């Protein structure tokens, strides 16, 4: 099966929401300061670029709590060359006018702002296939506002990647990224997983000047194919205490054969299915709910086959395959294109931030583990554990 079809198929399962009260607002911007952003280039001299044959290198955007008024205000998309490429490629059918507007839209960060004293917990974020890392800026800055450093990794050939020499790559530039049947190459996924560990190495060592990382509190999150890469990160690097996969199919990850190597979250999102949606698909609400429950159970069994009991598979009703990104706010058609009803963009952002921070904190020292996740499900009626 084509992995894109597989990913969308996984995300296309409906779940019934439990009749719980709406949660109170998540305390966003808890630091009451600025969010800084700095870019670093990470190189791994032990590996080669699979296409160019040069040293494997990639860019990382680092979001961090910063001193108010320090640094300089940023627009959402400061790289005009990248925006021009997105316009030429017809990026997600977003109009050229809308894409160009990103270059003047105020951004959520201040460039090169003075970091607040740490150390801060670290969450890495691996993008989905074909998605530019800038489209995680709103999500990453909101997570950072809760007291984290968030590192958005421009894995080679995964998204729309800005090369370290200023050029651009996309997944189309790697002829071996997928096989003839359209399945992701496990060797490429393993390289992305290794990239996460190297980024942790560099940030713990202080490559992002002044941004202090707590090496005892590290988690990894990923979206779509990036989520597939994240699944194995906990087993590959014991510094990573929690791994979160939003919408990524597990087929090309070793966890599909060996189970999870540490606390692991899989999130599968689907727009709310109205009676008309169900009629068009020719299924009843009961059958649709049963299929969703069966999928979650089979995935949970897969994650736990290695004996790991700290594995959660949750459904989000009112989300979509693109919800773990800035798409609900900036590219709403990519969220609603599969039909059904989706939640309001602000609520979507709050929910996915809460999922990320709650699961990470649950497994750090002093965390509340599964009890914290159960409380999260009680806060959000959209979440089906």
Ordering of 94-101, 216-223 by burial proxy (mean other Cβ atoms within 10 Å per residue, highest first): 216-223, 94-101
Give me the Kirkwood hydrodynamic radius of region 3-384, using the inverse of the mean 1/r over all pairs of distinct Cα atoms, in Å to one decimal. 20.8
Based on the Cα atoms of region 191-246, what semi-axes does the equivalent ellipsoid have, where each is the square root of 5 times one gyration tensor eigenvalue, given in whole Å with the largest first? 20, 11, 10
Region 305-373 versus region 57-100: alpha-carbon centroid distance in Å: 23
Working note, region 95-236: Cα radius of gyration (Å, one decimal) and Dmax (Å, whole number) are 16.0, 50
Region 306-385: relative contact order in percent, alpha carbon pairs under 8 Å with at least 6 residues between: 35
Regarding region 206-276, what whole-number volume in Å³ per residue does the convex hull of its Cα atoms give? 135
Translational diffusion of region 295-385, µm² s⁻¹ [Kirkwood Rh, Cα pairs; Stokes-Einstein; 20 °C; 1.002 mPa s]: 150
Region 123-158 to region 202-256: how many Å between their Cα centroids? 12
Let me check against my output: what whole-number percent is the relative contact order of the chain, with C-alpha pairs under 8 Å and at least 6 apart? 19
Convex hull of Cα atoms in region 112-173, direction-averaged projection (nm²): 4.8
How large is log10 I(q)/I(0) at q = 0.11, 0.18, 0.22 Å⁻¹ when the Debye formula is applied to the Cα atoms of region 237-335, each weighted equally and without solvent? -0.41, -0.93, -1.14
Only Cα pairs within less than 10 Å get springs; with that Gaussian network setup on the chain, which residue of 185, 135, 245 has the largest fluctuation? 185
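Read the figures in this text as sums done on the coordinates, not as results from a lab. All figures in this text were calculated on a predicted structure; none of them were measured in a lab. Every residue, glycine among them, receives a Cβ derived from its backbone with ideal geometry; neighbour counts consider all protein chains shown.
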